[in-house]
Amino acid sequence: MKIEFAPLNIPLARRLQTAAVLQWVLTFLLLAQVCTGIFVILIIRNYWFLYIPYLTWLYFDRRTPEQGGRRSNWVRNWTVWRYFKDYFPIHVLKTWDLNPSHNYIFGFHPHGVLVAGAFGNFCTNYSDFKELFPGCTAYVHLLPFWFWCPFFREYVLSFGAVSVSKRSVSHVLSKEGGGNISVIILGGAKESLDAHPGKFTLFIRQRKGFVKLALTHGASLVPVFSFGENELFKQVSNPEGSWLRTVQEKLQKIMGFALPLFHARGIFQYSFGIVPYRKPIHTVVGRPIPVQQTLHPTPEQIEELHKTYMEELRKLFEEHKGKFGVPEHKTLIFK
């Protein structure tokens with residue numbers, strides 16, 4: 001393999017951007033394990049004066065991820081996130097105005113490997129989201145597993161992330177005054193295993209819980225497509241039916257999250273590493289689909305709205321793919 005080294009005269013800003021994005025990758029790959037390891041050491045060493053108060057706090061605070069979370073503007077304003085956003089760079093584009101007196105569900109696609117677009121646009125204060133959608137607050141829903149990792153959960157909560165449980169989504173959509181947005185990465189962990197450059201495979205056909213919640217609360221559905229999300233990393237080939245994909249899917253069912261074997265560029269060379277490629281991400285927010293509140297929706301109503309959502313998502317992709325370098329023959333594949 002030919003190694004392409006980075007030039008020595010890289011501007012300081014670009015070095016800081018690379019450091020910021022590497023820090024982000026390592027955070028979501030290692031920090032949860034490190035925090036859990038530290039907590040286990042506290043128990044083994046019997047530092048009861050540290051872990052007993054924290055376990056007490058965890059017990060009384062266990063419902064916070066399902067009750068709107070605990071965001072910190074101080075953390076969301078860290079300068080490192082500005083460098084993170086500028087590394088790719090990440091953009092959010094509006095196609096339609098949102099009424100801040102209504103609540104919404106954003107269906108975010110695709111998952112990608114690490115969901116960089118969702119993090120950059122909805123978990124930091126350096127996105128144009130607030131300027132484009134004044135009066136709206138976004139809540140990114142993550143797997144409940146992350147909120148049981150000691151110490152790490154406090155870090156995740158500070159970004160405004162909340163649990164993806166039914167109770168959590170219902171809490172956001174039930175808030176009075178409107179302007180609340182549940183951002184749900186609908187493809188989930190399973191979709192990350194298909195996050196290959198040039199592929200647009202979305203696991204959505206069996207994902208209908210979000211439609212039922214939209215009907216129950218009368219929340220408008222908004223398809224969101226993040227162009228460039230799948231271009232940030234390369235994965236080891238894992239076609240369906242291969243031994244690697246079989247192992248990954250079994251682990252995903254056991255643990256609740258997937259383990260894609262990915263790589264990109266390095267820090268000082270561009271040939272191999274875990275630093276994502278510098279590929280622009282354009283997160284396009286589509287047209288809201290009005291939803292009439294139905295407290296007890298029938299399977300037929302859920303199916304009809306789900307079909308409408310998929311049609312709007314496909315339309316959004318087709319209308320904008322040419323602007324972001326997607327070949328004309330490429331289309332969405334729904335699984």
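Here the Karplus curve 6.51 cos²θ - 1.76 cosθ + 1.60, taken at θ = phi - 60°, turns the phi angles of region 52-63 into couplings of 5, x, 5, 4, 5, 4, 4, 5, 6, 9, 5, 8 Hz, with x standing for Gly and Pro. May I ask you to give the solvent-accessible area per residue for the chain, in square angstrom, as obtained with a 1.4 angstrom probe? I get 49 Å² per residue for the chain. Of the beta bridges in the chain, as assigned by DSSP with both residues counted there, near 25 percent are antiparallel.
Close amide H pairs (under 5 Å, H built 1.01 Å from N) link Leu93 with Thr283, Val284, Val285, residues at least 5 positions away or on another chain.
Near Lys323, which aspartates and glutamates are there with a Cα under 16 Å away, not counting those fewer than 8 places off in the same chain? Within the straight-line limit of under 16 Å, Lys323 reaches these aspartates and glutamates: Glu229, Glu231.
Expressed as a whole percentage, what fraction of the accessible surface of the chain belongs to carbon and sulfur atoms when a 1.4 Å probe is rolled over the protein heavy atoms? Could you put the intermediate results ahead of the total?
Numbers: 10020 of 16400 Å².
About 61 percent, which is the carbon plus sulfur part of the accessible surface.
Between the amide H of Val162 and those of Val140, His141, Leu142, distances stay under 5 Å, these residues lying 5 or more places away or on another chain, with hydrogens modeled in the peptide plane.
Cross-link reach is defined here as a Cα-Cα straight distance under 19 Å, omitting same-chain residues fewer than 8 places apart; for Lys208 the aspartates and glutamates meeting it are Glu191, Glu300, Glu303, Glu304, Glu311, Glu312. Taking a straight line from the alpha carbon of Lys307, these aspartates and glutamates sit under 19 Å away, with near neighbours fewer than eight places off in the same chain left out: Glu318, Glu319. With contributions of -39500 (n - 2.57) from each DSSP H run of at least four residues, the per-residue ellipticity at 222 nm computed over the chain stands at -11500 deg cm²/dmol.
When the alpha carbon coordinates of the chain are projected onto the principal axes, the ranges are 57, 54, 44 Å, largest first. Near the amide H of Ile289, within less than 5 Å, lie the amide hydrogens of Leu221, Val222, all on another chain or at least 5 residues away, with H placed in the peptide plane. Among the listed pairs Lys253/Lys279; Lys166/Lys315; Lys279/Lys321; Lys199/Lys279, give every one whose C-alpha distance is greater than 24 Å. In this structure, Lys253/Lys279; Lys166/Lys315 exceed 24 Å between Cα atoms.
The values are calculated or read from the model by the stated rules, or taken from the named source; none is laboratory data. Keep in mind it's a predicted model, so treat the numbers as computed, not measured. These accessible areas exclude ligands, DNA and RNA; they are computed on the full protein's heavy atoms, side chains included. Shrake-Rupley method; radii C 1.70, N 1.55, O 1.52, S 1.80 Å.
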